[in-house]
Every structure is written in structure tokens, then in C-alpha cells.
Amino acid sequence: MPNDLVLIDDAAGVRTLTLNRPERRNALNVALLIALREAIGAAAADDDVRALVVTGAGKGFCAGADIAEWSEAVERGDDETGAAWERNAHALMQELHDLATPTVAVLNGAAVGAGLDLACCCDFRIASSEAFFVCSYTRVGYPPDAGGTWLYPRLLGLEQAKRFVFTAERWSAAEALQRGLVTEIAEPDRLGEAGAAFARQLAAGPTVALRLAKRLLHDSAGRTLAEQLAAEKAAGAICAETADHREALAAAVERRDPVFRGQ
């Protein structure tokens, strides 16, 4: 199980993972990457987890790769640390993006470089009004290497993604909202509750249907309409057998709100 690099809290079907290196602005060293992968794997295997929140301890969400670890490895000619970082970072981004459970990044401060890529792997991003965002790779003479060139065009459109990557501009929370990088903004003193409330809303939904809908949306770009309709039909057949579907039908007949159990 993860160590204290990732704090874990469960409440009302929501699991919250908190990156816990505040003294380093939650920079992603190899140990934190591994801990996050373990935590996400545990969440994926737990049917009681119906929504996942990822946030950071302290003043920042995530400062990206741990430059100190990186530079020290370069100085001593240690190629394995860099290889381990890349291997685990790539696996982490894929595992978080592919997680069936709905995911929310709660951005309590700066999200930079690979830290921003981590947030963009989530389904939604709720940001503090004081947060800011930088695609910082080009500032160190490097291209994005943790999924940003795949994630940003899908959120921003190609032209805005190129601007963001090429210029390494610092975007405020308001700019990020306007351009589609974040979903919602909250003031710092209510950010935690705003993120938790949205996650609870997702967790209270029909879990099987939400998970299948997420997969359908993710896979749609690679399918024809006919193929997508066939996939929707197959997903519908699965949902038709769930207790949540039966509850929704009963609630409609009885003119009340359904109470979903995630089954």
C-alpha cells in the first residue's frame, strides 16, 4: 500500500488522494510516482470507490518533475533514475486516464509541467482562484514528456495547445477556465468543499452507467458512428441488468429522486 507520500481518505464513496510532499510543492520524484500508481491501483480494485479526487498538500498542487532528483542523477551519470521516472510517469498517466471511476483534480495551487499533465488525466479540474498553470517543459529546453501533447489539444484545441506549449506562458485560473483547461474555479477558502461536493455528486450517481459512459466517450474518437452505436448497445445491455437501472425506473414511476447504490 502507499506510504505517507500519498494520503488517503474515504468518505461517502469518494476516495481522496493527497500528494504529500509540500516542502517540494509535491514535485514528482520516483518514489511519489510509485506511491501514486499503487494508490490508483488500489482504488481501481475497490468497488466502494465511486469517485476519485486527486489534490496536493500545502500551497501547490504539483510542481512537475522533481528537478533536484533529475539534476543529481545527471551529475552522477545515473541513467536508471531517469528511466525509472519516465517509466512510472507514463504508466501513472495512462492508469489515471483509464481509471473507470470518475476523477476530479482539486487544484489548490500551481500545476506545472508533469503536475499539470497529471491533473489533465482527470475527468474534471476544479481550481483555486489563486492557482496558476504553466507548461514548463520548454523553459528547460525539453518537449512535454508526460502526455501533455495528447491531453492539451483535446482540452484546448490544437492552436491554443501549441501556444501553451511553445510559449510556456503562465495562465491564471481565470485564463485557464476561459480556454477550457479547468472546469470550475472556487475561492481558496471553499475549494475543498467545492471539489468534495462535486465528487460526492459523481459518487452518488449510477456507477456502472457512469463508468461505461466514460469508456464510451474515451473510445469514441477511434470509432465510426456505427461502431459507437454498437458499443452503446452493448453497454446498455449491461446497465439494463443493474439494480440502479431498476431503481431509476421505479423512481420515475413513483415521481421521486432515485437513490443509486452503485450496483
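Mind checking which lysines have their C-alpha under 23 Å from LYS214, skipping anything on the same chain fewer than 8 residues away?
Those lysines meeting the cut-off are LYS233.
Report the local net charge at ASP10: Lys and Arg +1, Asp and Glu -1, summed over other residues whose C-beta lies under 10 Å from its C-beta. Write out the running numbers ahead of the final one.
On the way: positive: ARG15; negative: ASP9, ASP46, ASP48.
Result for the local shell: -2.
Where does the longest stretch of the chain lie that holds no GluC sites (Glu not before Pro) found in a DSSP loop with 16 or fewer other Cβ atoms within 10 Å?
1-129
With label points built 7 Å along Cα→Cβ from the Cα atoms of THR149 and GLU95, find their separation and express it in nm.
Taking the two extended label points, one gets 2.5 nm.
ALA213 versus LYS162, label points 7 Å from Cα toward the beta carbon: distance in nm?
3.5 nm
Using the Kirkwood formula over every pair of different C-alpha atoms, what hydrodynamic radius in Å results for segment 111-252?
17.4 Å
Taking 0.36 nm per residue of sequence separation and subtracting the Cα-Cα distance, how much length would be gained by fully extending the chain between GLU184 and VAL140, in nm to one decimal?
12.9 nm
Return LEU229, LEU210, LEU107 ranked ascending by Cβ neighbour count within 10 Å, so the fewest neighbours appear first.
Ranking LEU229, LEU210, LEU107 by Cβ neighbours within 10 Å, fewest first, gives LEU229, LEU210, LEU107.
Once you order the gyration tensor axes a ≥ b ≥ c over the Cα atoms, which shape class does the chain get: rounded for a/c under 1.5, otherwise prolate or oblate by comparing a/b with b/c?
Verdict is prolate for the chain.
Under 5 Å between amide hydrogens, which residues at least 5 positions from PHE132 or on another chain qualify, with H placed 1.01 Å from N in the peptide plane?
ALA110, ALA111
Suppose we take every Cα in segment 21-139 and form the convex hull; what volume per residue is that in Å³? Could you put the intermediate results ahead of the total?
Working: hull volume 11.8 nm³, N = 119.
Value for segment 21-139: 99 Å³ per residue.
Using modelled amide H (1.01 Å from N, peptide plane; none on Pro or chain starts), what sits under 5 Å from the amide H of GLY56, excluding residues fewer than 5 places away?
Long-range HN contacts for GLY56: LEU19, ASN108.
For segment 207-254, just list the percent of Cα-Cα distances falling in each 10 Å bin from zero outward, please.
Once binned at 10 Å, the Cα pair distances of segment 207-254 give 26, 44, 23, 6, 0.
Neighbouring Cβ atoms within 10 Å as the yardstick, rank THR55, THR81, THR18, THR138 fewest first. Walk me through the numbers on the way to the answer.
Working: THR55 24, THR81 17, THR18 20, THR138 14.
Fewest to most other Cβ atoms nearby, the residues stand as THR138, THR81, THR18, THR55.
Take every DSSP beta bridge with both residues inside the chain and express the antiparallel ones as a percent of the total, to the nearest 5. Could the numbers behind the result be given before it?
Numbers: 9 of 30 bridges.
Here the share of antiparallel DSSP bridges comes out near 30 percent.
Any chance you could run the full-extension gain for SER172 through ASP46? It's 0.36 nm times the residue separation minus the Cα-Cα distance, nm to one decimal.
Fully extending the segment from SER172 to ASP46 adds 41.8 nm.
Treating cross-link reach as a plain straight distance, find the aspartates and glutamates whose alpha-carbon is under 16 Å from the alpha-carbon of LYS162, omitting any fewer than eight places away in the same chain.
The reachable aspartates and glutamates, counting only those whose Cα sits under 16 Å from LYS162, are ASP117, ASP145, GLU175.
We did not get these values from a lab; they are worked out from the coordinates using the rules stated. Because the structure is predicted, anything quoted here is derived from the model rather than measured. Glycine also receives a Cβ, built like all others from the backbone with ideal geometry; neighbour counts cover every protein chain displayed.
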